[in-house]
Structure formats: C-alpha cells, structure tokens
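Heads up, the thing below is written out as structure tokens.
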Amino acid sequence: MKSIRILLLTIPALALLASVSFAQEGNVAKGKAYFNDPKFAGGKSGSSCNTCHPNGKGLEKAGEKGRTSWKNPGGTWLSLEDTNNVCIMMALKGKTIDPRGQEMKDLNAYIKSLAKK
C-alpha cells in the first residue's frame, strides 16, 4: 500500500518537472516570427530585427555556446537578453521584454539556431 502511494505521488511530480523543463525551451519558429515582425515589443520604428540582420546575417556567432559578452551599437553586454533588449529599445523603438519570459526564450532560440548553420 505504501509503494502505491509513493508511486501515485511520484507520477504528478515527474509530470510537473517535465512540463517546466519543456516550458524553458524556446520555439525557433516563434522566435523567427518575432525577429521579422516590425511591431514586435511595441516597435514604432517600422523596422524589425531582420532590417539590420537580413536572414540573421551578422548573428551567426551570437548564439554560440560559451559566449561571455555581446556587442551592439549600444555597447557591450554580458547577456544575450540584455543585448536583445537594447536593440529592441534603440533600433525598433519598442519596449523591453522580460529577460526570462517566453518571448525572449523564443527569440534566443532563433538566434542560437543561426549558429548551427
């Protein structure tokens, strides 16, 4: 009886863990859509990320593992999330997005996919 109770408590815990780990992954297709959307993050410039980086050009190294800094016209940053938000503010004239939010995870997933090409 005790082992059945342990099993019944373990299954929901494992399901919860699995759902959390999948939620942490970004969606490359959604990230690419954001990358190409001039209205992403409330952008008011009429530009998208793709305007300055057609088909991700120039970002091939941005998604490489082991990076410790990223540069853009706004300076040098210690995270890809900060770099993205500076571009969103400066180039797109939009509002920063949550560095831990799903939009950022999706955008980062697309940028990281560029390194694999």
Reported set for region 1-42 where residues are surrounded by 12 or more Cβ atoms within 10 Å (Cβ to Cβ) and either modelled with pLDDT under 95 or hydroxyl-bearing (Ser, Thr, Tyr) (or both) is 34
Take residue 116 and decide whether it is at pLDDT 95 or above, outside any strand (DSSP E or B) and of a type in the set (Lys, Arg). no
Residues that are over 8 Å from the mean Cα position of the chain (by Cα), crowded, with 18+ Cβ neighbours inside 10 Å, within 15 Å of residue 71 (Cα to Cα) and not small (Gly, Ala, Ser), drawn from region 88-115: 88
What are the pairs, 6+ residues apart or on separate chains, where a residue within region 24-52 that is at positive phi has its Cβ under 9 Å from a residue that is small (Gly, Ala, Ser)? 41/94; 42/94
From the list 71, 65, pick out the single residue that is in a strand (DSSP E or B), at pLDDT below 95 and of a type outside the set (Phe, Trp, Tyr). 71
Members of region 25-62 that are hydroxyl-bearing (Ser, Thr, Tyr), in a helix (DSSP H, G or I) and closer than 10 Å to residue 92 by Cα: 51
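The values are calculated or read from the model by the stated rules, or taken from the named source; none is laboratory data. What you see is a predicted model; the values in this text were computed from it and never measured. So basically every Cβ, Gly included, is an ideal-geometry build from the backbone, and we count neighbours across all protein chains shown.
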